[in-house]
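Enquirer: Just passing along the structure, written as structure tokens.
The values are calculated or read from the model by the stated rules, or taken from the named source; none is laboratory data. This structure is a prediction, so every number in the text was calculated from the model and none was measured. Heads up, the Cβs are rebuilt from the backbone with ideal geometry, glycines too, and the neighbour counts pull from every protein chain shown. Ligands, DNA and RNA are excluded from the accessible area calculation, which covers all protein heavy atoms including side chains. Shrake-Rupley method; radii C 1.70, N 1.55, O 1.52, S 1.80 Å.
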Amino acid sequence: MELEAFFPYIFATASEGFSRRLAEVYGKEHGLSREEWRLLFLIARAGKVDSVALAERTTLDRVQVTRASQRLEAKVLIDRATPDHDRRLRIYTCTDAGRTLFEETLPKVHSMAEVMMSRLSDADRRALEQGVKALAASLRET
């Protein structure tokens, strides 16, 4: 079997390409890495979230979460606090600047995603979305 016909390779390269195109929006315009954008997205949506939940809701491990959150904090986009009851835990919230950046950037990210998805027929788009959701669900079950 050729590598180009191997589904895991096809899926990984498509996902990476899609992600890189989205990174052009928040990366080039705002200097955010993919990890930083993922955390900012989750923190802005949740309002307040702890480090365990962030690690569970992303593909990032705890070290990546820590490093990305430190960079976001240095950019004054999030605040990080340590609760008295568990000194290992971190609680994250968006700063006003972080929320503003997120709210300004999200429509641009959606627009870039829509441009890429618009190249698919309606049937292919529905099939892709359904298939990826089914794959994600099956992976959560294992």
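Enquirer: Can you give the extra length, in nm with one decimal, that the chain gains between T66 and E2 once fully stretched, where that is 0.36 nm per residue apart less the Cα-Cα distance? All intermediate terms of the calculation are to be shown ahead of the outcome.
Expert: Working: separation 64, 0.36 × 64 = 23.04 nm, distance 3.87 nm.
Computed gain between T66 and E2 is 19.2 nm.
Enquirer: Another question about this same structure. Which whole-Hz ³J(HN,Hα) couplings does region 87-97 yield from phi under the Karplus relation 6.51 cos²θ - 1.76 cosθ + 1.60, θ = phi - 60°, glycine and proline marked x?
Expert: Once θ is set to phi - 60°, the couplings for region 87-97 become 5, 7, 7, 10, 10, 10, 9, 7, 7, 4, 5 Hz.
Enquirer: I would also like to ask the following. Would you pull out the residues with amide H under 5 Å of L32's amide H, same chain only if 5 or more places away, H placed 1.01 Å from N?
Expert: Answer set, sorted by chain and number: G27.
Enquirer: Residue by residue through region 56-66, what is 3J(HN,Hα) from phi via Karplus (6.51 cos²θ - 1.76 cosθ + 1.60, θ = phi - 60°)? Round to whole Hz and write x for glycine and proline.
Expert: Ordered by residue, 3J(HN,Hα) equals 6, 8, 10, 8, 9, 8, 5, 5, 5, 4, 4 Hz.
Enquirer: How much net charge surrounds G131 when only other residues with a Cβ under 14 Å from its Cβ are counted (Lys, Arg +1; Asp, Glu -1)? It would help to have the intermediate numbers written out before the result.
Expert: Working: positive: R125, R126, K133; negative: D124, E129.
Here the count lands on +1.
Enquirer: Can you list the residues, at least 5 places off or on another chain, whose amide H is less than 5 Å from the amide H of I78, using H built in the peptide plane?
Expert: E73, T95
Enquirer: Each residue of region 120-129 in order: what ³J(HN,Hα) in whole Hz does its phi give by Karplus 6.51 cos²θ - 1.76 cosθ + 1.60, θ = phi - 60°, with x for Gly and Pro?
Expert: 8, 5, 4, 5, 5, 5, 4, 5, 4, 4
Enquirer: Once you list every other residue whose beta carbon is under 14 Å from the beta carbon of Q70, what net charge do they have if Lys and Arg are +1 and Asp and Glu are -1?
Expert: On the way: positive: R62, R67, R71, K75, R80, R90; negative: E35, E36, E73, D79.
Around Q70, the surrounding residues sum to +2.
Enquirer: Quantify, in whole percent, the carbon and sulfur part of the accessible surface of the chain (1.4 Å probe; protein heavy atoms only).
Expert: Working: 5050 of 9390 Å².
About 54 percent, which is the carbon plus sulfur part of the accessible surface.
Enquirer: Would you mind working out the accessible area per residue for the chain, using a 1.4 Å probe, and quoting it in Å²? Please list the in-between numbers first.
Expert: Values: 9390 Å² over 142 residues.
Averaged over the residues of the chain, the accessible area is 66 Å².
Enquirer: Between A14 and S121, what length in nm is gained on full extension when 0.36 nm per residue of separation is reduced by their alpha carbon distance? Walk me through the numbers on the way to the answer.
Expert: Values: separation 107, 0.36 × 107 = 38.52 nm, distance 1.67 nm.
Answer, rounded to one decimal: 36.9 nm.
Enquirer: Could you tally the net charge around I91, taking each other residue with its Cβ under 13 Å from the Cβ of I91, Lys/Arg +1 and Asp/Glu -1? Provide the component values of the computation, followed by the final result.
Expert: Working: positive: K48, R80, R87, R88, R90; negative: D50, E73, D79, D84, D86.
Every neighbour counted, the sum reads 0.
Enquirer: Over the chain, calculate the relative contact order: mean separation of alpha carbon pairs under 8 Å at least 6 apart, over the residue count, as a percent. Show your work: numbers first, answer last.
Expert: On the way: 115 pairs, mean separation 31.3, N = 142.
Rounded, it is 22 percent for the chain.
Enquirer: Then there is this: At q = 0.11, 0.15 Å⁻¹, work out log10 I(q)/I(0) for the chain with the Debye formula, treating every Cα as an identical point scatterer and leaving solvent out; two decimals please.
Expert: Ignoring solvent entirely, the Cα scatterers give -0.51, -0.88.
Enquirer: Per DSSP helix of 4 or more residues, -39500 (n - 2.57); summed, then divided by the residues of the chain. What does that give at 222 nm, rounded to the nearest 500? The partial results should precede the final answer.
Expert: Numbers: 6 runs with 92 residues, N = 142.
The helix contribution divided over the chain gives -21500 deg cm²/dmol.
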